[in-house]
Amino acid sequence: MPMKVLVEAYGCTMNRGEAEEFADAFQARGHALAAAAAGAEAFAIFTCGVIDTTERRMLRRISELAAAGKPLLVCGCLPNISPKKIQKIAPHAILLGPGRHMEGLAALGCGKSTSPGHLRTVGILPIASGCTGSCAYCITMKARGRLASREPEALRARLRELVDKGAVEIQLCAQDTAVYGRDIGSDLAGLVKELSSTQGDFMIRIGMMNPASVLRAKEGVMDAFSNPKAFKFLHLPVQSGSDRILESMGRGHTVAEFEELVSEFRSQFPCMAVSTDIITGFPGETDSDFAMSREMIERIRPDIVNITRFSSRPGTAAHVMKGKVPSRISKDRSRILTELRFRLTAENYSVLEGRTARALATERRVPGTTFLRTPEYKPVVVDSELALGKWYDLRIAGKEKTHLCGKILKNGN
């Protein structure tokens, strides 16, 4: 009998990608997705536990779903991070840690695939789980473990599914995409080349990679970005502008090395979108250390800065470090960096006003508008509903806080 399941995903792109893979397979077996808990006969929640506040929010949501007494799959990172806490509030729940989400189909009694599933224009493709790093603050290593790359053949098959369902933007994701394939005799450049040979009009967005990993495989990573089907988008988390703090974090790179990488990428791919991450309030971070982070952001002028206040997680090296920074100070530092981030984004976007660009229509986030991406992954919104999956010539007519505003010059093709 057909059934409805509510699928919820929280946290990183990897979690959302695994949730989408599960949802697609569930629908392909003749079942349907529920829009709300009230209309669902079962639940699948893909959890995040990256910081303490997120874990508490996940546990509250698990408790709410468990109260309905219906089948409950708890997937994602939390089953490996805090299984006892989940079992206490949801003793009947089925815990499926990272990479085990497809086992949930059998747990719900789903049969074999009977249909192609639903359509979407942005598809997430998890290429590996785990990483090769040893960051002092990271709880994700406990959840996902060491690097486990997916075989290129399986990834190409999943890509084919996504493209057949209408995806025009394929987001490759992992804890560290730069180390993809080291455990199976492959690499990122080879994977992007193989995926890009799949027939269809789509673009590939390469996800987050750690600077230390890029330094060890720079030529191959550059080759991956050189592919014509790869968006020129670089997500390179630095985490601090202080070498002393970076060493304490166990990041494996220096500020100078990070800045040199950004410079090299921009030299080879002018106008590429650059995103980085910063943690405020890491144990031992002084006002001087924070000033270095602020000054570094001013120097590299990224388009996006993802800012996280340090959260001490049991089981990590940072949990027992001395020099705890009061939360109010960490919060103030986060606010300062957020203000800086939006000022720099506005200045970066101002330079583009009046220019013409070519952009791919990828989403319709707000009725009456269309969201597009340039080859450099700059976000552009136009005030009309364009056909998705097509390229358009446009003029940059202005900017908002998070995107550019465009005017169409030529119909898509």
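The values are calculated or read from the model by the stated rules, or taken from the named source; none is laboratory data. Only a predicted model underlies this, so the values are computations on that prediction, with no experimental measurement involved. In this analysis, Cβ positions are derived from the backbone assuming ideal geometry, glycine residues included, and neighbour counts consider all displayed protein chains.
So the values come out like this:
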quantity: Every pair of residues 6+ apart whose Cβ atoms lie under 6 Å, when the first sits in the range 134-149 and is over 14 Å from THR47 (Cα atoms) while the second is of a type in the set (Lys, Arg); calculated: none
quantity: Helices (runs of 4 or more DSSP H) lying entirely in the range 158-260 (those with 3 or more residues that are over 24 Å from ILE279 (Cβ atoms)); calculated: 188-196, 218-226
quantity: Those residues of the range 66-120 which are farther than 18 Å from MET3 by Cα and charged (D, E, K, R), in sequence order; calculated: LYS84, LYS85, LYS88, ARG100, ARG120
quantity: Filtered residues of the range 114-142 (kept if of a type in the set (A, V, I, L, M), in contact with a strand residue (DSSP E or B) (Cβ under 8 Å, 6 or more places away or on another chain) and not in a strand (DSSP E or B)); calculated: ILE127, MET141
quantity: Top-ranked residue of the range 36-79 - restricted to ones that are aliphatic (A, V, I, L, M) and free of Cβ contacts under 8 Å to residues at least 24 places away in the same chain, ranked as surrounded by the fewest Cβ atoms within 10 Å (Cβ to Cβ); calculated: ALA38
quantity: Residue that is out of contact with any Phe, Trp or Tyr (no Cβ under 7 Å at 6 or more places or on another chain) and more than 23 Å from SER312 (Cβ to Cβ), where the choices are LEU261, LEU246, LEU188, LEU234; calculated: LEU261
quantity: Among the candidates GLU385, GLU339, GLU353, residue that is touching a Gly at 6+ places or on another chain (Cβ under 7 Å) and free of Cβ contacts under 8 Å to residues at least 40 places away in the same chain; calculated: GLU385
quantity: Count - residues of the range 117-134 that are surrounded by fewer than 22 Cβ atoms within 10 Å (Cβ to Cβ), at pLDDT 90 or above and either farther than 14 Å from THR177 by Cβ or of a type outside the set (S, T, N, Q) (or both); calculated: 5
quantity: Verdict on GLY368 being in a loop (DSSP other than H, G, I, E, B) and under 25 Å from PHE269 (Cα atoms); calculated: no
quantity: Every residue from the range 370-413 that is among the polar types (S, T, N, Q), surrounded by fewer than 19 Cβ atoms within 10 Å (Cβ to Cβ) and under 24 Å from the mean Cα position of the chain (by Cα); calculated: THR402
quantity: Count of residues meeting criterion [in a strand (DSSP E or B) and either among the aromatic types (Phe, Trp, Tyr) or in contact with a helix residue (DSSP H, G or I) (Cβ under 8 Å, 6 or more places away or on another chain) (or both)] in the range 287-307; calculated: 3
